[in-house]
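Each reported figure results from applying straightforward, stated rules to the coordinates on display, with no laboratory input. Quick caveat, the model's predicted, so the values are computed rather than measured. Cβ sites come from the backbone with ideal geometry, for glycine too, and all protein chains shown count toward neighbours.
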Amino acid sequence: MARECIHRGHTVRIFALKWAGPLPTDLDVTIIPIKALFNHNKYRKFSEALAIELKRSEIDCVVGFNKMPGLDVYYAADSCYEEKALSQRGWLYRYLSRYKHFSKYESAVFGVGSKTEILSISDVQKPFFVQHYGTPENRFHTLPPGIARDRVAPSNAAAIRRDKRKKLGLEKTDKLILLVGSGFVKKGLKRAILAVRSLPREWRKRVKLIAIGEDNARPFIRLINRLGLEDNVQILGGSGDIPAFLLAGDFLLHPAHDENAGMVLLEAMVAGLPVLATEVCGYGHYVKSAEMGRLIAEPYEQASLNQALLSMLVKNNREHWVQNGQVFAETADIYSLPQRAVSVIEQVMSRN
């Protein structure tokens, strides 16, 4: 989105709390380092420091990727905090300073008194925002997905697959299951580990689950050891080699507890990788329409995931998945998010 803005002749400044990986040379990035014991205090201090920085600069439009006061445009990648607080937490939770902070900052974006325009990447969470805040419909701007085209299987996909699987020590008959995404609790890593453990022994000895993402892996490693799955499950940190992993895999397993969109589902599909996910994923409908896997219905039951995983392993037809993935990659509108988002940003700038 930043580069699309620059392409259209705008000047972009990025303010961030931290930056993972090397800083891009073509973008103006300002890091505002904040130290605080609790995340909600860290985010509050960042927001206050950002407000001071913005007063020093001539800014025509403030686009936020985290909920906070003072935004002209908000990119709504996260689910509704108020809904989770009311439906998944006890009443005492609402007396905590953490709740008061996140509820206040969410209201600053979605409340009826706010003028923030909302870039919505999925319609799954919109009813919750409308229910809790009365957000007018005309402030929501639904965007198509915006995956990178380098996720599409290239002409040498078979060679990349062979090379990556060789590096991973996989035999031709082994099945590689991937779980990709930071936040292992939310992404359902425990559910995935239990599903692997449920497989019959003859299948389990052929299956390897690799989880890729940034999170505290210790509780999951303890679970893996307790279940005796040390040879079946591996947890990696973040990786810049996701396209090669997707080409090397046999399934993407994404049994998320909560997922507003699920970009990785689309990235897997255009790589020819079938998907097994929960239906809470905002982009789950693409899995159905492209015939690229299965969705686990709500309310979630572990037995349903276990059975679906075994069924997909038994019935796996890789050529079928690859063919469907090619058709999906060529026909679906899943690349134009940056262009559509920047058009909305320009409309807001013209009013400011």
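Kirkwood analysis of the range 67-161, using all unique Cα-Cα pairs, places the hydrodynamic radius at 15.3 Å. log₁₀ I(q)/I(0) of the range 149-331 at q = 0.09, 0.12, 0.14, 0.17 Å⁻¹, via Debye over equal Cα point scatterers, no solvent, to two decimals? After summing over all Cα pairs, the log10 values are -0.27, -0.50, -0.70, -1.08. Can you tell me which of 279, 291, 53 moves the most in a GNM of the chain? Springs connect C-alpha atoms under 10 Å apart. Largest GNM mean-square fluctuation: 53.
Where a ≥ b ≥ c are the square roots of the eigenvalues of the C-alpha gyration tensor, would you call the range 92-249 rounded, which needs a/c under 1.5, or, failing that, prolate if a/b is larger than b/c, or oblate?
Here the range 92-249 falls in the oblate category.
Of 235, 32, 147, the residue with the greatest mean-square motion in the GNM of the chain, using alpha carbon springs below 10 Å, is 32. With 0.36 nm allotted per residue and the present C-alpha distance subtracted, the residue 162-residue 93 stretch has 19.8 nm of extension available.
Applying 1/(1 + (r/R0)^6) with R0 = 25 Å to the Cβ-Cβ distance of residue 77 and residue 201, what FRET efficiency is obtained, to the nearest 0.05? Don't skip to the answer; put the middle values down first.
Details: r = 40 Å, r/R0 = 1.62.
Here the calculated transfer efficiency is 0.05.
Computed from the C-beta positions of residue 225 and residue 307 and an R0 of 22 Å, the FRET efficiency is 0.30 to the nearest 0.05. Give the shape of the range 300-344 as rounded, prolate or oblate, defined through the alpha-carbon gyration tensor: a ≥ b ≥ c are the square roots of its eigenvalues, a/c under 1.5 means rounded, and otherwise the shape is prolate if a/b is larger than b/c and oblate if not. Verdict is oblate for the range 300-344. With all pairs of different C-alpha atoms in the average, the Kirkwood value for the hydrodynamic radius of the range 206-309 is 14.6 Å.
Add -39500 (n - 2.57) for each DSSP H run of 4 or more in the chain, then divide by its residues: what number comes out at 222 nm, to the nearest 500 deg cm²/dmol? All intermediate terms of the calculation are to be shown ahead of the outcome.
On the way: 16 runs with 155 residues, N = 352.
Calculated at 222 nm, the ellipticity per residue is -13000 deg cm²/dmol.
Placing +1 on the Cβ of every Lys and Arg and -1 on the Cβ of every Asp and Glu, with nothing else charged, gives the chain a dipole about its Cα centre of roughly 1280 debye. Place +1 on the Cβ of every Lys and Arg and -1 on the Cβ of every Asp and Glu in the chain, take the dipole about the Cα centre, and give the residue among 152, 203, 110 whose Cα lies farthest towards its positive end. Going by the Cα projections, it comes out as 203. Charges were assigned to the Cβ only: +1 to each Lys and Arg, -1 to each Asp and Glu. The resulting dipole of the range 51-171 about its Cα centre is roughly 680 debye. Structural descriptor for the range 149-331: relative contact order 23 percent, calculated from alpha carbon pairs under 8 angstrom and at least 6 residues apart. With each label modelled as a point 7 angstrom along the Cα→C-beta vector, the residue 331-residue 236 pair spans 3.2 nm. Taking springs between alpha-carbon atoms closer than 10 angstrom, which of 44, 222, 151 fluctuates most in the Gaussian network model of the chain? Result: 222 has the largest fluctuation of those listed. Overall, the range 149-331 carries a charge dipole of about 700 debye about its Cα centre when +1 sits on the Cβ of Lys and Arg and -1 on the Cβ of Asp and Glu, all other atoms neutral.
For the range 150-241, run through the GluC sites (Glu not before Pro) and keep only the ones in DSSP coil with at most 16 other Cβ atoms within 10 Å of their Cβ. List each step's numbers first, then the result.
Working: sites: 171, 202, 214, 230; in loops: 171, 214, 230.
Within the range 150-241, the qualifying GluC sites (Glu not before Pro) (loop, at most 16 other Cβ atoms within 10 Å) are 171, 214, 230.
Using a simple spin-label model with pseudo-atoms 7 Å out from Cα toward Cβ, residue 150 and residue 30 lie 2.9 nm apart. Against the empirical 2.2 N^0.38 Å (N residues), the chain has a Cα radius of gyration ratio of 1.05.
Computed extension gain for residue 339 through residue 52, at 0.36 nm per residue and net of the alpha carbon distance, reaches 100.3 nm.
Under the rule a/c < 1.5 gives rounded, and otherwise a/b versus b/c splits prolate from oblate, where does the range 225-282 land using the Cα gyration tensor? Before the final figure, lay out each step's value.
Values: a/c = 1.88, a/b = 1.25, b/c = 1.51.
Since a/c reaches 1.5 but b/c is at least a/b, the shape of the range 225-282 is classed as oblate.
Cross-link partners of residue 205 among lysines, defined as those whose alpha carbon lies under 17 angstrom from its own and excluding same-chain residues fewer than eight positions apart: 172, 175.
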